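Just below is one structure, and these are the notes that go with it.
Every number here is computed from the coordinates shown, using simple stated rules; none is lab data. All of these numbers come straight from a predicted model, not from anything done at the bench. Neighbour counts are summed over all protein chains in view; Cβ atoms, including those assigned to glycine, are modelled from backbone coordinates with ideal geometry.
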Amino acid sequence: MSSHHIVREKQEPALLVLGLDSFDNEQLGQLLEWSPTVITTSVTAEKLNVQGIKIDLIITDEAESNLQSDIKNLPVDTKTVIAAAMDHLIAKGYPAVNVVTDEFDLAEYLPFANKINLVIFYQQQKIYTITSGFSKWKPAGEDIRILSKAGQLKTTGLEKLSDNAFITSADGFFSLNFPEPFLFISEKL
């Protein structure tokens, strides 16, 4: 029996590629496996085009690109590149987006964290939002960092290294509980 899957538009997370300098091609291939909507900047579009990756939108206020046919421009206007992309994805009903970037500023993602499921790949880290009661299985010795401010943070299965840095104490589940609506955490890839 074969297992063919029909992937509907917007079923898989969109892919926002802002930089590829510290991202492995194999990992990129995994993110592209289900043919997501690919959004990028004009500089990164050239790198993707050389690799034969189909681009759907280029975030730019410049004239239309001639890298590939059927690429649409997504205007930046007065927004940041990230805000332009997130506003577009949220308006179009995308539930999730994977972001590959060479630069990370948490403040740029905070306004969107409760509107779209974000997973950010930055410098061998996977950064994402969690809600209180989050639990995940990890082997012993894995680094977990809390990137947003957490008051009254309660953890299980983690050993504290510093204010926002933890390490899993044993093979098994760790969990985080906190009063905030969500937190950004990171783990090593």
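Couple of notes before you dig in:
- Full extension of the chain segment joining ASN114 with THR131 gains 5.1 nm, where the gain is 0.36 nm per residue of separation less the Cα-Cα distance.
- Stretchable slack from LYS79 to TRP34, in nm (0.36 nm times residue separation minus alpha-carbon distance): 13.3 nm
- Size of charge dipole - the range 130-188 - debye, nearest 20, with Cβ of Lys, Arg +1 and Asp, Glu -1, no other charges: 100 debye
- Charge dipole (Cα centre; +1 on Lys/Arg Cβ, -1 on Asp/Glu Cβ; no other charges) of the chain amounts to roughly 700 debye.
- Available extension along the chain between LYS47 and GLU62 is 3.6 nm, counting 0.36 nm per residue and deducting the alpha carbon span.
- Most mobile listed residue (THR80, THR37, THR101) in the chain, GNM with C-alpha springs under 10 Å: THR80
- Three-way shape label, the chain, alpha-carbon gyration tensor, a/c 1.5: prolate
- Positive minus negative residues near GLY19 (Lys, Arg vs Asp, Glu; Cβ under 10 Å): -2
- Structure-based [θ]222 nm, the chain - -39500 (n - 2.57) summed over DSSP H runs of at least 4, per residue, nearest 500: -4500 deg cm²/dmol
- Angle between the chain longest axis and helix 81-91 axis [Cα atoms, degrees, rounded to 10]: 90 degrees
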